[in-house]
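Contents: one structure, followed by commentary.
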Amino acid sequence: MNTFVLRSARHLAEIVFEKVVRPGDRVVDATMGNGYDTLKLCHLVGDEGKVYAFDIQELALKNTQALLEANGLLSRAELFLCGHEKMKNHVAYPIKFCAFNLGWLPGSDKVVRTNWVTTKQALEQALSLLCPHGVCVLCVYPGHPEGKVEKNALIPYLSSLPSQEYNVLWQQFVNAGADAPQCIIIQKQTI
Ligand SMILES: C[S@@+](CC[C@H](N)C(=O)[O-])C[C@H]1O[C@@H](n2cnc3c(N)ncnc32)[C@H](O)[C@@H]1O
């Protein structure tokens, strides 16, 4: 039997991937990292869809390329060694979905990581690229200082989005401490 397990912010984000992304969709992975989210999205978009994935580290691009190749899915993705704040230079309207998994490349020295200035620029672009009912999901990690800065800036920014245009859900495990990873889901409305 397929048992539902309430596990982590990242797990919640994956559930949203599966609920929203359909074969033929065009989607963005704004933080490619080691390619696990890109791979999941490639499975979901099928042969007719496309995943546009961004990272500023060559190692991320190499690891993602190798992972997609090993799974025979590289043709479903376009990988950009480029900051997500330049997303609109490479991706045209409309996209169905955009994933942000903030922080650093797992296994790296943590020096290169997302920061609020470019995260905000990228998020604004992602929201403008979303089709009606398109969704943006962010995993946020306030357990480290830069992650806390991002979370503390994100929540007021998201709270200011007009509710006629976006529904915004902020999920946190309230008994895991204030610094536990959190998941944010934004859906564009149909006006
Ligand atoms: C937590 S990791 C992403 C993990 C990835 N989603 C996976 O499934 O493996 C965050 C990534 O964001 C990248 N990053 C940092 N600043 C960025 C930027 N301005 N544009 C795109 N990626 C960025 C880092 O290099 C790092 O690889």
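The values are calculated or read from the model by the stated rules, or taken from the named source; none is laboratory data. Here the structure is a predicted model, which is why all the values come from computation and not from measurement. We place every Cβ from the backbone using ideal geometry, glycine too, and count neighbours over all the protein chains shown.
Quick rundown of the values:
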read-out: Out of Glu18, Glu85, Glu78, Glu69, sole residue that is of a type in the set (Asp, Glu) and part of a strand (DSSP E or B); value: Glu78
read-out: Residue tally, condition crowded, with 22+ Cβ neighbours inside 10 Å, of a type in the set (S, T, N, Q) and within 29 Å of Asp47 (Cβ to Cβ), over segment 75-126; value: 1
read-out: Hits in segment 97-117 (condition: touching a Cys at 6+ places or on another chain (Cβ under 6 Å) and either over 19 Å from Val16 (Cβ atoms) or not polar (S, T, N, Q) (or both)); value: Cys98
read-out: Cross-chain or 6+ apart pairs with Cβ under 6 Å, segment 61-89 first and within 13 Å of the ligand (Cβ to nearest atom), then of a type in the set (Phe, Trp, Tyr); value: Phe80/Phe54; Cys82/Phe54; His84/Phe54
read-out: Some residue of segment 147-160 being over 20 Å from Gln171 (Cβ atoms) and either near the ligand (Cβ under 9 Å from one of its atoms) or in contact with a strand residue (DSSP E or B) (Cβ under 9 Å, 6 or more places away or on another chain) (or both); value: no
read-out: Meets criteria (away from the ligand (no atom under 11 Å from the Cβ) and assigned to a loop (DSSP other than H, G, I, E, B)) for Ala176; value: yes
read-out: Residue in segment 103-139 that is modelled with the lowest pLDDT, counting only those that are under 15 Å from Asp29 (Cα atoms) and part of a strand (DSSP E or B); value: Trp104
read-out: Out of Lys88, Lys120, Lys96, sole residue that is over 26 Å from Glu48 (Cβ atoms) and out of contact with any Pro (no Cβ under 6 Å at 6 or more places or on another chain); value: Lys120
